[in-house]
Structure formats: C-alpha cells, structure tokens
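K.L.:
Before we start, here is the structure in question, set down as structure tokens.
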Amino acid sequence: MNHNPKIIGASIPRLDGKDKVTGRALYTDDLKFPGMLYGALHRSRLPHARIKKVDTSAAKKIKGVKDVVTGADTPQIKYGNWRLVPGSQDELPLAVDKVRFIGDEIAAVCAVDRETAIKAAEAIEVEYEELPAIYSVEEATAEGAPLLHDESPGNVSLTREISYGDLEGLLAQADYVREDFFKVHAVSHAYLEPCSSIAVPEEGGRVTLYTSTQTPYIVQCLLASTLDIPENHVRVVKTQVGGGFGGKMEMRPWEFAAAFMALRTGRPVKFTLTRSDELAFGRRRHPMSIRSKVGFTKDGKLLAKDFEVMLDGGAYNAMGPTATFLCGTFGNMLYNFQAYRYRGRHVYTNKPPASAMRGFGAPQAAFAQESQMNMAAEELGIDPIDLRLINAMETGDVIPDVATISSCGFKESLEKVRQVSGWDAKRKEKKPGVGLGIGCFSFISGGVFNWFNTKYNFAAAEVTVYPDGTAQLNTMACDIGQGPDTVLRQILAAELGIGIEKIRLVSMDTALTPKADLGTWGSRVTLMNGNAIIDAAKKIKDMLKPVLFDHLDLNQIHEIAFEDDRVLVKANPKKSMSFGECVYHALRGRRGEPLTARGYYTPRDKGLVSPAFSFGAQVAEVAVDQDTGLVTVTNTYTAHDCGVAINKMAVEGQLEGAIQMGLGYTLSEAFVMEQGRTLNTSFLDYKMPAAEDMPPSTYVEVETYEPEGPFGAKEAGEGLAIPTAPAIADAVYQATGFRALELPITPEKVLKGIGRLK
Amino acid sequence: MPNMPRFNFHRPGTMEEALDLVSRFRASVKVMCGGTDLVPKMRAGVAVAENVVSLTRVPGLSTISYRDDDGLVIGGTARISDVARHPDVRRHYPALAYACDKMATVQIRNMGTVAGNLANAAPSADTAAPLLAYGASLVLVERGGRRQVPLEDFFTGPGLTVAEPMEIIEAIRVPAPPLRSGSAYLRVSARSKVDIAAVGVAAALNLDLEGRVIGVRIALAAVGPTPLRARQAEDMLMEQIPDHDLLARAGAACVRTAKPIDDVRASANFRRAMVQTLAQRVLARCGRLARGEDAQ
C-alpha cells in the first residue's frame, strides 16, 4: 500500500469539469466540418412487417438532398457485439427484408441542412406486409407465437444455464422454502447527450468517425466489418460524451449511415438524435420476469436457490446475451449457499431492443433476491440485516466455477449501514406511513469474458516521460462523464511520483492510442486501465532507476522511490534528483529514442466473471402518503466497499447519480407503450427524478484493499445502481404493508396495494 | 431537435405598436413573452405562426399591484417567479403563490408568465385553478378597445380560449379576498417535485361569523378539457358548516364534476381518487385559514 495520499484517496475535482460547466467542452454535435451534410433516418412505422418495397424517388428529387440509401445499397453484413458467437449477430444497419420494431432503421438520407434531410426522410415511402406482433415474453414464448427471427425458434435467442449442488435435495431438506415471482420494467439510460456522430471521408477510401460512444474500438471493428473495408481504414475518435450508462456501447445504424454516405458523397455527414428519438426508439434496461425459489434452515441459513429469468430483449440481441449471462451470476452473489440453479432465456419481442444498462442484469436480479431476503427475514422472524450477516460472503469465499472473492467488505457494510441509519431503533418503532428498508449489492470490476473476441489486450496504456518533468498518457480508456480522464491521471501520477498537472492525456482515438480497449462498461475502466497504466509506469521507472545508481554510485541493494516530482534513494531520501533531470540523463543514454513504455492488462486465470467484486448495503427511509399513494424517499444511507477509493469525490458523485437513477427506476420512470409504440417521448412525461427530488444521502466508506486492483481499487460505478429499488420497496412495505413485487412502485399501485383504489 | 420553421420576430416598444402588429398579422401571429410554452410548441411543429410578437419591451406591462379595495392586478408580462415572491400575493392569495412556487422548474418560472400560462390553456395549467377559485378575470386589449372576460369563460378546450388573434392579455384582475376567507391549491404528479400536475384542486372559501360558508369556489385542473369549476360541490357547501363529513361529500361531488381520461400521466380512476383526496384536503385547509386557525 505504497501510495501517495495526496493523490490516491484524495477528493480531486474533475480536470474536465470547468470546460463542461462553462460550455467550452466539445461534444460531437458541437463539431462542424467544411461541406458537412446532415443526415436523417427513415424508421419503421410498424412493429413487425415484411418490407415489400422502399420508394426513395420522391426523397431524391428534393432540392438539397445529396444521397439516399436503403438496405439494398449496403453490403448487408450483420453485426453485433458478440463476435465470438457469429450466430448471435442479428442486426443489419439498414433493414433489408423485415422490420421488427417501431423505429427499426430502413433508410438514411443526407442533405445540405437538417430540415431538408428530415423532409426527405419523411418523403420515403415503404410498402409493408404487416405481420402479427408480440410485446411480452409470455406472448413471445407461447406456442404458435409469430417468429421475429427465423433462426430463433420460440423467439428465444439464447439460454444460459448454471447448475451446481443438490438443489432438489437441499430444498426438500430446508425448514422454510418460498417461491416468488417478480416483474421489472424497462427504463431509459436518459443520458443527457443524445447520440451524435460525424463521419469525415479521407483519402484512400478511409473514414474518420467522431462519435458519442463508450466503446470506440468496438465501433471501429463493427463499422469496418459492416462497410466491408479493412479495420485500419476506420478511425474512431471519441469527443466529450454526455453519459452512456450502457446505451452507447454498440455500433449503431446512424454511425454506419454517416460513414457509408460520407464515403459515397465525399463529404462529412452528421447525424444527431433527438430526445424524442432516444425515448421512442433507444436502447433500454431489460424488463424481466423472474421466478425465485429459496430454501432456508429455521435459523436462517440459506441452502439453495432456484432462479429463473426471462429477459425481454426487444427486437434484437444487442447486449442481451451478456445481460442473460450476468443475471445468473448476480443471482448467485452476496450470499453463500450450496446449490444453485439458474435458467435465463433471452426472448425477442417487437419492441426497441433492450441492452446494457448500468448494473447489467444486476438491478433486476437484486430486486428479486433482496426483496425475497426481506420477505424471508420477516417470516423467519430474523432481522433482515442479521439474516444477511448469517449468509454473507467474505474475503476468500469461492463461487463455484465462477470466482474467488479476493476482497469483500460486505459484513462491515451491513454493520455500518445498521449503525448510521439508526436501523435497530427505527425498525422497532412502527409509525404508519413511515418505513425503513434495506437492499444490498455486489458488482463486477470489469469482465474476464471476451465475447467481442478481441485479439488485443483488454486494456493498454502508453506512457512517455520528458526532461521537463512532464509525462504523456495515451490510452483508449473512455471517459463518458464518469471520470477516468482524472482518475487514470491520478494513478499514473501516483505511480510515477509526479503531479497530476504534469500529465498530458491523449485519449480515445483508435488511430493514435495503443491497441486496444474494450471501452467503458462493466465497471472495468479503473481496474483494467489503471493496471495497464501501472504496468507502463513501472517499465518507465525501470528505465529511470539506473540513472540514480549510476550518478550516485549506489550499492545494488538500494531501492529507488518516486515521490513529489523527485527520484530518490529510499533509505536515504536526501540522495535524489528531480524527475525531469532523471529523465534527461536517461534520454542521453538512449541516443535519441524517447522514453516511452507500453503497459497492458488482461485478466487471466480469474474465473469466469470478474477479477474483483465490490460490495455494499443501502438503507432507504420513506414517507408514504396513504391518501395519494405518493412515496417520498426521505433519506438514504449507504455503506460501500469499493476497495481503495482512488478519488473520493468521484465515488460520491457515482453514489449521488446512482440514487437518482435508482429513484426513477423504483418509483416513477417507465415507458408507456401501446401496440409497440412509445407514448411518452419527452422528459415532460418520462418521469426522471429531478435535482429537487433527491433525498439527503449519508455515505460510509468500507475500505478494503483489493489485491487485483490498481492501488487496491475496485469498481464504484454500477454496483451502487443496484440496491435502491429493493431498499425502497422494503421501506414502502414497512410503511404501508404493501409489498411491491413489480416495478415501478407508482402511487396507483400503492393505493391499490393498500386497498384504497380499485 | 428539428429546426424551427422561419418566422418574423417583432419586439415592439409600446403597447400601441404591439396591438398594431397583432392586428396587421392576425392571420398568422402569436404573442410571446417568456416563450416557455410557445417555443417548444413551434419547434415540435404544434404551433405555427409567420409572426411572433414579443411583449418583453412593452413598458409597464409586468407590474404586480394590490389594493384592498381593488384587489390584485397582475400585468400581462409578470413572470411566474415574480408573482410567487410578491408579498401581497403571498399574504392574500396563498393558493396562487403555492402554484407559482411549485409549477414547472425554476428556469421556467423565471421566464414564463402567468398570463402565458393561461393563454396556453392547458387543462393542467397550474395558475388556472387558483385564479378560477379567486374569481379572476382577464383584461383583453385590442386596437381600439378592451374587454374584461371572467376566467371561467376564457377556456373553451385544450389549448383553446375565447381570445382573438389580435387580442393581448393586458392584465389579470383578481378580487380582494373577503374577511374570514381562506384559499389553497394542491396537486399531485408522478415526479414529486418538478412536474406537470396529473391532478390539481384549488378552492377559496369564505365563512360568516358562525362559521357557515357564504362563498366558495372550487376549481379542478387536469381532469377535463379545460380547468373546471366544481359547482355541485360549491352548492353543497353553501350555508353549511364545513365539517369533515360535508367535506367528504363535497369531495365526492367534485369527483362527479371531473371528467378525467386515461393518459400517459395517470389513469382516470386514479385521477378521480385524487380529486376526492385533494378536494377534501384543500377545503379543510381553506376552512382553517378562514377561521384563523394555524393551517399547517
């Protein structure tokens, strides 16, 4: 734990914060290029139909229109993030034979201005043969249901099964068994920046794509494959990104259309979506139908769990296969038990595709699991925190076939949240309309799986140091607003012993930064990129250390330290030189070759899921108006083990944002849909909580040291998005006696639940 | 965001000029002040006008004044936030102050006007219900004339009013509250703090020395094509002591007046239940205020 407390564990404001707050930061839609054209999409107006004819003649005649393309003009190569399983790649950039949801992209146009492009897109006429459509997993898996994809009988695109231990035997032997059914719904990522992309054509049939994405390398590869050009012909540059939350981790049709038409017209082409596009057609969190059966001994020991999930994937796989996989893993986290069976099915429906969203299967799994723990606790007559303590995972525990938990502060989190929330006293004192509830979480710090089938390391960093004492960090790590542009510089600064302000960052340009990076998802950036950076920095230090030995004629038993912009002899700190001077001398000996080193990280031999897991517990306090059914969250208390927090302010920011998302997921956000059409396509009617709705929040750190993490760090981004829903649901039950097994907990459901409304 | 269609933007410096402009362009003109309703509507293509006449430079139009003998006058360009913080509004018109405090967002309250909120004629308009309860009227002015229209005659449907294209809302006139009166407004919505009302109920109640109701107006928001007066409930309360049972029956009468629909914001069923709940709460609060009790 040899690190600089001024840097590691400090609260350092975002280095990009001022530019963002003052409006100087450039997002993709802020960029303009000479001769740039504006794109617009023609989307399906039916939820399920065969395309008989696409007539673009009227659109082409409109003055100012420069190109109109349909699926027939394109190479028609399917794509999807699961390159490892080509059969899972079920999307075409522009539909060819069929459309599968209202909003499915059929054609694209570009024109001299946006108005003309929109007019032209509307002038495209599609002749459809309408097909019967299905909107729920139950309908989709019923016998004789219409098929969305011929390759997927029963509309199930993927089944994931996990099984270990003697499930039936242990359930038979259990003193207490319960089975419950839960339903969770879709919500929008609602990132502040709607998607935007600009493709700029270059000589030699090459193209540069500026795009709002969290996975530039994935976009590069899939854009190249769908355009049928070499990967190296595509350069993807990430600009500032206004949030992603999992909604920007795939190549999307407008990225393809921009590049395809840029190459055809020889002019830059920009697409920018509207909020209404995002809400009507955008990616979303998977709705799930969940069945969970658990068995306990009478003193609260959890013996076995049977967990079955149907994910409503919408029209395409998107990141659904990963969600199906992870949901099973998360159903198996937090508690130790001897037998587990999971069956997850990813089901197609005629709705906009669901995909990755903050928590990636965990918020859904945890709503079921944590609600069920609370229900079981009540029936067993054991306090819910005590019941969790009886079963909680600890450092060194093994999840069969999945992982060994290398650090775990779950029990400490439970104890601390019990203390700061005043749990024991408040749970005893029963006041009508007021309640206190708990939910817990665990999350991965990046995945070890390689469904993208990358040939490169999962993370890479290139560090160059200069005689003026500065350094440059080149990395594909992807800051989409969560803060790695700051946190990764902290890690490099701490490792090299120089100030953060000394580091120039060049990030996320697939042509300039080292290959490769899987992007921002699965809470992987701090751990994986941090480790790659430390690897590079150590190589730099090894190049610098000889300078000191040479200059000071040191005995080879000495160790060298790097601190406060100096390089020094550990046992005798007076013997030192400045970092810059040290670089100067090292460079002299290299005959012109810069001091550059590359570092890499790929988790190997780390089980099936993740190299490290975060843990935590959250208590929510609510007041329920029993006449209106309105639930007000009056307080939240969170205890959180994210290993060593590299930047405390950033962790607290993640917590605040997670609570905001959790509130919306639990209480107010939902897509109102009718026959596959989304009716609430603005923030007026898509009820995302506002700043004024935020409850006070108390946060306790439970610090552990994660051996696999950079300076002991683990994830802090997604885990926090998990516990709020079960905690609020439990608090509502305590306040009213109404136990919500379906989200969201709307005022109407509360009133019906307490018998005040029919 | 689709680009707005082109239009001519006028910023007259006097009321005369403004009236000339709206008269000249009456075939396709919109009057604007804060633009918080109009601009999004024009962007979405829901509102179309070749000419937009902004009133922000017309002097004297944003005045808010109160006299005990004459009541409250809210100028046509008075901002919602200015109305909310006006001491006389807070003292004498708590239902209006509450609506102006809670509606929309701080940015919209700082830009939008009360007159604009009424002119937009949304069934859910937050200032409409309290102003109906107070018996407010609008002063509509056009070149060569003005007329005063009671607010309850102003709305004709969602987004529709009796105002002619060449008319401008010069002011909102609200009678001074009588002695022993109380007023209140409450709303519910899915998002607790920053939201459009799914249901709103306002009332103003006036008692005699014995505590009997001698004047009452109840207005319902977002449960019909326009904000509604709940006359049946009002009649039920007149000359009566407003005890708990009576208020419950008045609430039920309000529900009978309401014509709620199922939409993305709430079901008709839920809206009916909320009318009952809010009407009872609002009337109870009015009663406490009218009796001079602490009305927390």
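K.L.:
Which of A:LYS183/A:LYS752; A:LYS248/B:LYS193; A:LYS53/A:LYS78; A:LYS52/A:LYS98; B:LYS30/B:LYS102; A:LYS32/A:LYS270 have a Cα-Cα distance over 19 Å? List each step's numbers first, then the result.
P.N.:
Working: A:LYS183/A:LYS752 17 Å; A:LYS248/B:LYS193 30 Å; A:LYS53/A:LYS78 21 Å; A:LYS52/A:LYS98 9 Å; B:LYS30/B:LYS102 27 Å; A:LYS32/A:LYS270 9 Å.
Exceeds cut-off: A:LYS248/B:LYS193; A:LYS53/A:LYS78; B:LYS30/B:LYS102.
K.L.:
How do B:ARG146, A:ARG677 rank when sorted from fewest to most other Cβ atoms within 10 Å of their own Cβ?
P.N.:
Taking fewest neighbouring Cβ atoms as first place, the list is B:ARG146, A:ARG677.
K.L.:
Could you tell me the largest-minus-smallest coordinate of the C-alpha atoms of region A:400-468 on each of the three principal axes, in descending order and whole angstroms?
P.N.:
The Cα atoms of region A:400-468 stretch 63, 44, 24 Å along their principal axes.
K.L.:
Treating only the Cα positions of region A:508-627 as identical point scatterers, give the base-10 log of I(q)/I(0) from the Debye formula at each q in 0.12, 0.13, 0.17 Å⁻¹.
P.N.:
Values returned for q = 0.12, 0.13, 0.17 Å⁻¹ are -0.67, -0.74, -0.97.
K.L.:
Now a separate question. Computed over the Cα atoms, what is the radius of gyration of region A:645-758 divided by 2.2 N^0.38 Å, N being its residue count? Could the numbers behind the result be given before it?
P.N.:
Values: Rg = 17.6 Å, N = 114, 2.2 N^0.38 = 13.3 Å.
My calculation over the Cα atoms of region A:645-758 gives 1.32.
K.L.:
From zero outward in steps of 20 Å, how is the percent of C-alpha pairs of chain A spread across the bins?
P.N.:
Spelled out bin by bin, chain A gives 17, 48, 30, 6, 0 percent.
K.L.:
Show which aspartates and glutamates lie in cross-link reach of A:LYS687 when reach means a straight Cα distance below 16 angstrom and same-chain residues fewer than eight apart are skipped.
P.N.:
A:GLU278, A:GLU669, A:GLU748, B:ASP195, B:ASP263
K.L.:
Please list, or write none, the lysines whose alpha carbon is within less than 17 Å of the alpha carbon of A:LYS758, excluding same-chain residues fewer than 8 places away.
P.N.:
Partners within reach: A:LYS749.
K.L.:
To continue, here is another question. When the distances between all Cα atoms of region B:8-54 are binned every 5 Å from zero, what whole-number percent does each bin get?
P.N.:
6, 23, 32, 22, 12, 4, 0
K.L.:
Now a separate question. What is region B:1-98 by shape, rounded, prolate or oblate, if you read a ≥ b ≥ c off the alpha carbon gyration tensor as root eigenvalues and call it rounded for a/c under 1.5, prolate for a/b larger than b/c, and oblate otherwise?
P.N.:
Oblate shape, in that a/c is at least 1.5 and b/c is the bigger or equal ratio.
K.L.:
Rounded to whole Å and sorted largest first, what semi-axes of the equivalent ellipsoid does the C-alpha gyration tensor of region B:257-296 yield via the square root of 5 times each eigenvalue?
P.N.:
Rounded to whole Å, the semi-axes are 29, 9, 6.
K.L.:
Here's something else I'd like to know. Straight-line reach from A:LYS416: which lysines have a Cα under 21 Å away, not including same-chain ones fewer than 8 places off?
P.N.:
Answer for A:LYS416, where 21 Å is the Cα cut-off: A:LYS426, A:LYS428, A:LYS648, A:LYS714, listed by chain and number.
K.L.:
Give the order of A:ARG235, B:ARG90 when sorted by the count of other beta carbons within 10 angstrom, beginning with the fewest.
P.N.:
Final ranking by Cβ density, sparse to dense: B:ARG90, A:ARG235.
K.L.:
If you average over every viewing direction, what projected area does the convex hull of the Cα atoms of region A:290-329 give, in nm²?
P.N.:
Over every viewing direction, the Cα hull of region A:290-329 projects on average to 3.2 nm².
K.L.:
Same structure again: Can you give the local net charge around A:GLN472? Use residues other than it whose beta-carbon is closer than 14 angstrom to its beta-carbon, Lys and Arg +1, Asp and Glu -1.
P.N.:
-1
K.L.:
Also, I was wondering about something else. Suppose a student asked you for the relative contact order of chain B, using Cα pairs under 8 Å spaced at least 6 residues apart; what percent would you report?
P.N.:
After rounding, I find 16 percent.
K.L.:
Right, here's the next one. How do A:ILE728, A:ILE106 line up, fewest other C-beta atoms within 10 Å first?
P.N.:
Listed from fewest to most nearby Cβ atoms, that is A:ILE106, A:ILE728.
K.L.:
Tell me whether region A:10-143 comes out rounded, prolate or oblate; compute the Cα gyration tensor, take square roots of the eigenvalues as a ≥ b ≥ c, and use a/c under 1.5 as the rounded threshold.
P.N.:
Oblate shape, in that a/c is at least 1.5 and b/c is the bigger or equal ratio.
K.L.:
Report the Stokes-Einstein translational diffusion coefficient (µm² s⁻¹, integer) for region B:181-289, Rh taken as the Kirkwood radius over Cα pairs, at 4 °C with viscosity 1.567 mPa s.
P.N.:
D, rounded to a whole number, is 95 µm²/s.
K.L.:
How many percent of Cα pairs in chain B exceed 26 Å?
P.N.:
Values: 18831 of 43660 pairs.
When every Cα pair of chain B is considered, 43 percent fall beyond 26 Å.
K.L.:
Can you pull a Stokes-Einstein diffusion coefficient for region B:138-201 at 10 °C (1.306 mPa s), Rh from Kirkwood over Cα pairs, as a whole number of µm²/s?
P.N.:
108 µm²/s
K.L.:
In the protein assembly as shown, if the dipole is taken from +1 on Lys/Arg beta carbons and -1 on Asp/Glu beta carbons about the Cα centre, which of A:GLY662, A:ALA620, A:ALA108 is farthest to the positive end?
P.N.:
Projecting each Cα onto the dipole axis, the largest value belongs to A:ALA108.
K.L.:
Give a residue-ordered list of calculated ³J(HN,Hα) values for region A:460-472 (Karplus: 6.51 cos²θ - 1.76 cosθ + 1.60, θ = phi - 60°; whole Hz; x for Gly, Pro).
P.N.:
Calculated HN-Hα couplings, in order: 9, 8, 10, 10, 10, 10, 10, x, 7, x, 9, 9, 10 Hz.
K.L.:
Mind putting a number on the dipole of region B:181-289 about its Cα centre? Charges go on the C-beta only, +1 for Lys and Arg and -1 for Asp and Glu, and I need it in Debye to the nearest 20.
P.N.:
Around 420 debye, computed over region B:181-289.
K.L.:
Then there is this: List the trypsin sites (Lys or Arg not before Pro) in region A:447-548 that DSSP assigns to loop (not H, G, I, E or B) and whose Cβ has at most 12 other Cβ atoms within 10 Å. Which are they?
P.N.:
Passing sites in region A:447-548 are A:LYS455.
K.L.:
Largest first and to the nearest Å, give the Cα extent of region B:64-174 along each principal axis.
P.N.:
Its Cα atoms span 34, 32, 23 Å along the three principal axes.
K.L.:
Label point 7 Å out from A:ASP386 along Cα-to-Cβ: which residues of region A:262-305 have amide N under 19 Å?
P.N.:
Of the residues in region A:262-305, A:296-303 have backbone N under 19 Å from the label point off A:ASP386.
The numbers here are math on the coordinates, done by the rules we state, and not lab data. Treat the numbers as computed from the prediction; the structure is a model and nothing was measured. Cβ sites come from the backbone with ideal geometry, for glycine too, and all protein chains shown count toward neighbours.
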